1. Taking amide H positions as placed in the peptide plane 1.01 Å from N, state which residues far from residue 137 in sequence (5 or more) or on other chains have amide H under 5 Å from it.
2. Tell me which residues come under 5 Å, amide H to amide H, from residue 128 once H is placed; ignore anything under 5 positions away on its chain.
3. Which order do you get for 92, 140 if you rank them by accessible area with a 1.4 Å probe, largest at the top?
4. In Å³ and rounded to a whole number, note down the convex hull volume per residue for the Cα atoms of region 1-96.
5. Using each residue's phi in region 57-69, evaluate 6.51 cos²θ - 1.76 cosθ + 1.60 at θ = phi - 60° and report the 3J(HN,Hα) Karplus result to the nearest Hz, with x for Gly and Pro.
6. Sort 85, 75 from largest to smallest accessible area, using a 1.4 Å probe on the heavy atoms of the protein chains.
7. Summing Lys, Arg as +1 and Asp, Glu as -1, what charge do residues with Cβ under 14 Å from the Cβ of residue 139 carry, residue 139 excluded?
8. Using θ = phi - 60° and the Karplus relation 6.51 cos²θ - 1.76 cosθ + 1.60, list the HN-Hα couplings for region 120-137 in order, rounded to whole Hz, with x at every Gly or Pro.
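The values are calculated or read from the model by the stated rules, or taken from the named source; none is laboratory data. Everything quoted here is computed from the prediction, not taken from an experiment. Because the Cβ atoms are built from the backbone with ideal geometry, glycine has one as well, and the counts that use them run over all protein chains shown. The area values use the complete protein model at the heavy-atom level, side chains included, leaving out ligands, DNA and RNA. Shrake-Rupley method; radii C 1.70, N 1.55, O 1.52, S 1.80 Å.
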Amino acid sequence: MSFASIPLTGSKPEQYAQLLAQAEAILDGETDRIANAANLSALVYHALPDLNWVGFYFYDGTELVVGPFQGLPACVRIPLDKGVCGAAARTRTTQRVADVHAFPGHIACDSASRSELVVPLADADALIGVFDLDSPVPDRFDVEDQAGMEAIAAAFLRSLRPA
Ligand code: SME
């Protein structure tokens, strides 16, 4: 099967519905979290404009460790009390940051990043990690982007459960 990128069309919610369908096609029948995180990172990075980093950090029981991603090499380990990713993991709530320079403790892995969206990945009470998007454009992410990425993060979590 080929996953040649199909351009997204229509309103932003329509585009996110198409992107979710593409994500679900990629995840279908596969439970391996590395494989699924790698393909989701590539899908999202190439489908959406104005991103410089898209990827996953996984919780190892102590801190977040970088997983599959697209973009420049990134910080390997992030403690839960550091950065936007740590805040998402610690609070289990999506962090949508319009200006990363104004976020206390932001970790600049890529100095080009100006805004950031981080969705926590948790299954019941268990913290799995976070799904992180960075943009070189200030205030790149709105509530529709947040809803779109939360839906893709939920599809990723579903994919990890055995059928
Ligand atoms: N900026 C993030 C670190 C991860 S990278 O941007 C890939 C943070 O503050 O958590």
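1. 114, 115
2. So residue 128 has HN proximity to 121, 122, 123.
3. Numbers: 92 105, 140 35 Å².
Correct descending sequence by accessible area is 92, 140.
4. Details: hull volume 11.8 nm³, N = 96.
Enclosed volume per residue, from the Cα hull, is 123 Å³.
5. Listing the rounded values in order: 10, 10, 7, 9, x, 10, 8, 8, 10, 4, x, x, 7 Hz.
6. Working: 85 5, 75 35 Å².
Ranked list, largest accessible area first: 75, 85.
7. On the way: positive: 96, 114, 140; negative: 50, 99, 116, 134, 142, 144, 145.
Taking every Cβ under 14 Å from that of residue 139, the sum is -4.
8. Each residue's phi maps through the Karplus curve to give x, 10, 9, 10, 6, 8, 7, 7, 9, x, 9, 10, 10, 10, 10, 10, x, 9 Hz.
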